[in-house]
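Scroll down for the structure; my scribbles are underneath it.
The values are calculated or read from the model by the stated rules, or taken from the named source; none is laboratory data. Everything numeric in this text was worked out from a predicted model, so none of it was measured. Don't worry about glycine lacking a Cβ; one is built from the backbone with ideal geometry, like all the others, and counts go over all protein chains shown. Calculation scope for accessible area: heavy atoms of the full protein, side chains included, ligands and nucleic acids excluded. Shrake-Rupley method; radii C 1.70, N 1.55, O 1.52, S 1.80 Å.
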Amino acid sequence: MARQKEDPAIPTVHAALDLLTVDRLKQLVALLPTNKRPTRKADLAAAIEQHLIGEKLRALWEQLDDKQKLAVAETIYSVDGTFNADRFRAKYGALPVFGTKKDQWRYSETPSLLRLFIYRGRGGDVVPEDLKQRLLKFVPEPSAPLLKAMEELPEHVELIEKEYEWQKGDEGITVVMGKAAYQMPRQKPKVKTVTHQIPLYRRDTEREALTDLLSVLRLIDKGRLAVSDKTFQPSVATIKELAERLNGGDFYEPKPKQHKWEQEIGPIKAFAWPLLVQGARLAELHGKKLALTKAGRDALGKPPAETLRAIWQRWLKVKLLDEFNRIDVIKGQHGKGKRALTATEGRRALIAEALKQCPVGRWVEFDEFSRFTQAAGFEFEVTRDPWSLYISDPHYGSLGYAGFHDWHIVQGRYLLCLLFEYAATLGMIDVAYIEPKGARRDYREIWGTDDLNFLSRYDGLIYFRLNSLGVYCLGLT
């Protein structure tokens, strides 16, 4: 039986204070504009309650700094009545001060004035219901988050790298540990910061998708596209042929590996198309090859935009593929890890709603869109158990460690994949991108990533633009 989520609400200030220790109550009383210092728990609680009504409450509210006021406002106007730290940070850039610690190793903190308004409940930080009703009379509702956009793209992207310079004659000394010998430098290298100007690739995908759809359907009709009967994913030969036939080719040209350990970018559009047409039931597997269904044959005579819209609407609900599987550097997505992954339908629906907020015909930086997705309440989870996912080693490289499963590592990569491999392939968004190598360094702190040039093949997506076909596919027109 599924475990019910605990109700975070606290009915009254009295109930909230009753959950606190005497020492904690004394700290809160010390924040009040009074010289009285009671010692009994009931008296301490009464002193606090007296200051959380009428004009005294308004006076305490005025003493909060701007971010603390926003924290109270966001909490009392939120749908679930809780303070969402991740959403607040995404919207305002930093968290409010709830208290101060003597040092980073201590769990306990000296509370700030904000703790007279927001209390720790069983399901999160909340404002007690009776206090909430008083605050709603004078606390203004917070404004909606803004999504920044631009008319024109920059010509280049700046990538900052550190280069290490060793001094001449500093070959170091050989240290033997057991059977292994290591070359250790005598001194630290000189470090200099170098800024590279990387030109942007730009693809206006709307026209490409209109012709790509018909090309893919005709290739299927000729029996040219093969997919696996287990995964339904395209074969190597199919990917190669598609990449040659697609309008403008794939987003990245295939490059031969120079070393075995080198990462390959691999296909994007050429991988997506066979799955998209299967998901929309325009094609199905006959033997080892795809064949057109009746709907697929009908699509050859219909306006392509109409079919592309139907493909996107179907893809939002299809279970043919979890796009997160395409972040193949992250292991543990099968077996126990697969059971912990959330339903793709819920994730895609939220991202589609976030896309609807994008200004049509204006370029949005991906990182800005990712931030907005959180700030505007379109955030989602990819896994319920990040400990089951890992990079390189299931113990040392587990994503369960603090900081290793942050939004930009897990949800951000899923977002990159859905936009770059599916929305852009269908012509809904125009894209501006660079090579993924070195494009994002936000994963470097994770164990086992030293030899990785990128965490996902989609890391190079820098900007995108919702176009008229995207507006049509999203159902806005």
- Select from segment 252-270 the residues that are open to solvent by less than 20 Å² (accessible area, probe 1.4 Å) and touching a helix residue (DSSP H, G or I) at 6+ places or on another chain (Cβ under 6 Å) and list them in ascending order. Ile268, Ala270
- If we scan segment 389-398, do we find a residue that is assigned to a loop (DSSP other than H, G, I, E, B), within 25 Å of Lys255 (Cα to Cα), within 18 Å of the chain's Cα centre (by Cα) and modelled with pLDDT of 95 or more? yes
- Task: Could you pull out every one of the strands (runs of 3 or more DSSP E) wholly within segment 158-225 that has 1 or more residues that are under 30 Å from Phe271 (Cα atoms), touching an Asp or Glu at 6+ places or on another chain (Cβ under 9 Å) and at pLDDT 70 or above?
- Result: 190-199, 201-203
- Can you tell me which residues in segment 297-306 are open to solvent by 80 Å² or more (accessible area, probe 1.4 Å) and assigned to a loop (DSSP other than H, G, I, E, B)? Lys302
- Item | Residues being in contact (Cβ under 8 Å) with a residue 60 or more places away in the chain and open to solvent by 80 Å² or more (accessible area, probe 1.4 Å) - total across segment 276-296 | 2
- Task: Evaluate segment 421-430: report whether one residue or more is closer than 30 Å to Ser78 by Cβ, without any contact (Cβ under 8 Å) to a residue 40 or more places away in the chain and of a type outside the set (D, E, K, R).
- Result: no
- Message: Would you confirm whether or not segment 37-52 contains a residue that is touching a Phe, Trp or Tyr at 6+ places or on another chain (Cβ under 9 Å), of a type outside the set (Val, Ile, Thr) and in contact (Cβ under 8 Å) with a residue 24 or more places away in the chain?
- Response: yes
- Give just the number: which of (1) within 30 Å of the chain's Cα centre (by Cα); (2) assigned to a loop (DSSP other than H, G, I, E, B) does Lys260 not satisfy? (1)
- Looking at segment 11-31, which of its residues are farther than 16 Å from Phe98 by Cβ and open to solvent by less than 10 Å² (accessible area, probe 1.4 Å)? Val13, Leu17, Leu25, Val29
- Within segment 439-455, can one find any residue that is open to solvent by 40 Å² or more (accessible area, probe 1.4 Å) and over 24 Å from Tyr401 (Cα atoms)? no
- Message: Looking only at segment 195-249, filter to residues that are acidic (Asp, Glu) and under 19 Å from Gly279 (Cα atoms); which one of those is most open to solvent (accessible area, probe 1.4 Å)?
- Response: Asp229
- Item | Candidates Arg413, Arg371 - the one that is within 16 Å of the chain's Cα centre (by Cα), surrounded by fewer than 22 Cβ atoms within 10 Å (Cβ to Cβ) and not in a loop (DSSP other than H, G, I, E, B) | Arg371
- Looking only at segment 113-134, and only at residues there that are under 17 Å from Leu31 (Cβ atoms) and among the hydrophobic types (A, V, I, L, M, F, W, C), the one that is surrounded by the fewest Cβ atoms within 10 Å (Cβ to Cβ): Leu113
- Task: Among the residues of segment 50-74, write down those that are in contact with a Lys or Arg (Cβ under 8 Å, 6 or more places away or on another chain) and either crowded, with 17+ Cβ neighbours inside 10 Å or of a type in the set (Asp, Glu) (or both).
- Result: Leu52, Leu57, Trp61, Glu74
- Exactly one of (1) of a type in the set (Phe, Trp, Tyr); (2) closer than 19 Å to Tyr463 by Cα; (3) free of Cβ contacts under 8 Å to residues at least 40 places away in the same chain is unmet by Phe378. Its number? (2)
- Quick one: in segment 307-337, which of the residues that are in a helix (DSSP H, G or I) and open to solvent by 20 Å² or more (accessible area, probe 1.4 Å) is nearest to Ala295 (Cα to Cα)? Ala310
- Query: Between a first residue in segment 258-275 that is over 25 Å from Gly448 (Cβ atoms) and among the basic types (Lys, Arg) and a second residue that is in a loop (DSSP other than H, G, I, E, B) and open to solvent by less than 40 Å² (accessible area, probe 1.4 Å), which pairs have beta carbons less than 9 Å apart while being 6 or more apart in sequence or on different chains?
  - Reply: Lys269/Leu246; Lys269/Gly249; Lys269/Asp250; Lys269/Phe251; Lys269/Ala424; Lys269/Thr425
- Output the residues belonging to segment 455-475 that are part of a loop (DSSP other than H, G, I, E, B) and under 16 Å from the mean Cα position of the chain (by Cα). Leu455, Ser456, Arg457, Tyr458, Asp459, Gly460
